[in-house]
Amino acid sequence: MNEQTLAIHAGYEKDAQGTMAVPIYQSTAYEFRNTEHAANLFALKELGNIYTRLMNPTTDVFEKRFNALEHGGGAVGTASGMSAIFYAIANVAEAGDNIIVASQVYGGTTTLTGHTLKRFGIETRYFNVNNPSQIEALIDEKSKIILFESITNPSIDVADFDAIVAIAQKHNIMTCVDNTVATPILCKPLTIGCDVVVHSASKYTTGQGLAIGGMIVEREGLVDLIKDNPRYAHFNEPDASYHGLVYSDLPLPAFTLRVRLALLRDLGAAPSPFNSWLYIQGLETLPLRMRQHSNSALEVAQYLESHPKVKSVNYPGLASNANHALANKYFAKGSSGLLSFEVESKDVAQAIADKTEIFKVVVNIGDSKSIITHPASTTHQQLSAQELIDCGIPGGLIRLSVGLEDSADLIADLEKALS
Ligand code: PLP
């Protein structure tokens, strides 16, 4: 089936009621046929519903549909994008290990890796996503995963997948891609050699800023990298917390199964069935929306590039952009809805953000409603003027998340604000 058809039908089989829309199974627990049935489910001799912290029939449709769109081998939903990222890391790394992370990642990922995981004894080694050759020197036998974003938020760089994957494969180490900004519609990292994909479903998946959620998808055949690999010994040894289960021996997707059985069991950041239902509604139109977000963002970027008050525009879809060749290589259908541009000063940037009417001053991305953010006065407010320059966020920088309004109206809104 093609993508738009999968987005509407994948993962849903109607029950006796024949309900066209996926039902919301709002239930904490499930009745077993008898104690033997319960025992079989706990022992994985049969697969089925036990408790909504581990699985839920509505969430199951969301997972299967997302998995189909990513061309994955297994998926597990989580309560937020941050819990998806944390679980992907915690699934492979423990105290004394290290992880290798791009410097250009979402701020929450920076604080998770640089502060919270440090307190758990997991060291983070950073590389510049524009210079993947830095990765090799960072890898040792304790390195567990390489984490980067396909399109980075907020710097809007594009990862060189082939270069990163080549290094990872040489060292038998997993790659994990945060594919939130690109979505599986513009980029399918698992089909170009990456091992695990994580998402914030809070962005383009709901598409209307409706709920917080996350997703982890693993590639088909990932167990071949895990099997007998000393980096992932805990997947190859009996898990004492699950009566001696050896994850790599099972005919099931080992990575996401362990997230479900060990991490959702013990840490519990599971999606609510209602939120999973919202994401399913969002997925139905994701292919259509991503095309529109990308087309409108390109039009807005081209307009801004020609404006005399705009010093520079950062959008990978622009022919003038440093990431344009990589965007063309990996994102055949468009470069998503995020762009940034720089004006003369912090004051001018703030005045522009305050003057727009359709673009709302919000710190979010991936909404149908267009958003304008001034990082220097919000997300990056604590940094000094020099620190802002060092991390590529000058005071005059404005970030836009281009929504689904008519692009002519969006351009007119910016025109007025820039005048
Ligand atoms: N990854 C990226 C690229 C993001 O932009 C965000 C949030 O903005 C997250 C992860 C975190 O997701 P959530 O807010 O769903 O926890």
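Looking only at region 1-18, which residues are open to solvent by less than 50 Å² (accessible area, probe 1.4 Å) and assigned to a loop (DSSP other than H, G, I, E, B)? Residues satisfying the conditions are ALA10, GLY11, TYR12, GLY18.
All conditions in (1) among the β-branched types (Val, Ile, Thr); (2) part of a loop (DSSP other than H, G, I, E, B); (3) within 24 Å of PRO287 (Cα to Cα) hold for ILE393, with the sole exception of (3). Can you find even one residue in region 159-171 that is among the polar types (S, T, N, Q) and either within 19 Å of the chain's Cα centre (by Cα) or on the phi > 0 side of the Ramachandran plot (or both)? Scanning region 159-171, I find no residue that is among the polar types (S, T, N, Q) and either within 19 Å of the chain's Cα centre (by Cα) or on the phi > 0 side of the Ramachandran plot (or both), so the answer is no.
So, of the residues in region 371-408 that are away from the ligand (no atom under 16 Å from the Cβ) and hydroxyl-bearing (Ser, Thr, Tyr), which turns out to be farthest from the chain's Cα centre (by Cα)? Restricting to residues being away from the ligand (no atom under 16 Å from the Cβ) and hydroxyl-bearing (Ser, Thr, Tyr), the top hit is SER384.
If I filter region 115-136 down to residues being in contact with a helix residue (DSSP H, G or I) (Cβ under 6 Å, 6 or more places away or on another chain) and of a type in the set (A, V, I, L, M, F, W, C), which single residue comes out as surrounded by the fewest Cβ atoms within 10 Å (Cβ to Cβ)? Residue satisfying both the conditions and the ranking: PHE127. Of the numbered criteria (1) part of a loop (DSSP other than H, G, I, E, B); (2) hydrophobic (A, V, I, L, M, F, W, C); (3) closer than 29 Å to PHE274 by Cα, the one VAL129 fails is (3). Counting residues in region 402-418 that are assigned to a loop (DSSP other than H, G, I, E, B), over 23 Å from ALA201 (Cβ atoms) and open to solvent by less than 20 Å² (accessible area, probe 1.4 Å) gives zero.
What's the total number of residues in region 80-114 that are of a type in the set (Ser, Thr, Tyr), open to solvent by less than 30 Å² (accessible area, probe 1.4 Å) and in a loop (DSSP other than H, G, I, E, B)?
Residues in region 80-114 being of a type in the set (Ser, Thr, Tyr), open to solvent by less than 30 Å² (accessible area, probe 1.4 Å) and in a loop (DSSP other than H, G, I, E, B): 1 in total.
Residues in region 238-259 that are surrounded by fewer than 23 Cβ atoms within 10 Å (Cβ to Cβ) and either touching a Gly at 6+ places or on another chain (Cβ under 8 Å) or not small (Gly, Ala, Ser) (or both): 11 in all. For region 130-146, the criterion of being closer than 21 Å to THR379 by Cα and either within 14 Å of the chain's Cα centre (by Cα) or within 16 Å of the ligand (Cβ to nearest atom) (or both) is met by no residue. Picking from residues in region 87-96 that are out of contact with any Gly (no Cβ under 8 Å at 6 or more places or on another chain) and either within 24 Å of ALA137 (Cα to Cα) or of a type in the set (Gly, Ala, Ser) (or both), the one that is nearest to the ligand (Cβ to nearest atom) is ALA88.
Quick one: is GLY77 within 15 Å of the ligand (Cβ to nearest atom), touching an Asp or Glu at 6+ places or on another chain (Cβ under 7 Å) and not in a loop (DSSP other than H, G, I, E, B)?
So GLY77 fits the description; yes.
Residue pairs whose Cβ atoms lie under 9 Å apart, separated by 6 or more positions or on different chains, with the first residue in region 351-370 and not assigned by TED's automatic domain parsing to the domain that holds GLY396 and the second modelled with pLDDT under 95 and more than 16 Å from the ligand (Cβ to nearest atom), do not occur. Pick from region 163-187 the residues that are small (Gly, Ala, Ser) and more than 16 Å from the ligand (Cβ to nearest atom): which of them is least open to solvent (accessible area, probe 1.4 Å)? The selected residue is ALA168.
Can you find a residue that is in contact (Cβ under 8 Å) with a residue 24 or more places away in the chain and aromatic (Phe, Trp, Tyr) anywhere in region 276-283? Within region 276-283, one or more residues are in contact (Cβ under 8 Å) with a residue 24 or more places away in the chain and aromatic (Phe, Trp, Tyr).
The values are calculated or read from the model by the stated rules, or taken from the named source; none is laboratory data. Small disclaimer: the values here were computed from a predicted structure and weren't measured. Note that we place each Cβ from the backbone using ideal geometry, even for glycine, and neighbour counts take in every protein chain shown. Surface areas here come from the heavy atoms of the whole protein model, side chains and all, with no ligands, DNA or RNA. Shrake-Rupley method; radii C 1.70, N 1.55, O 1.52, S 1.80 Å.
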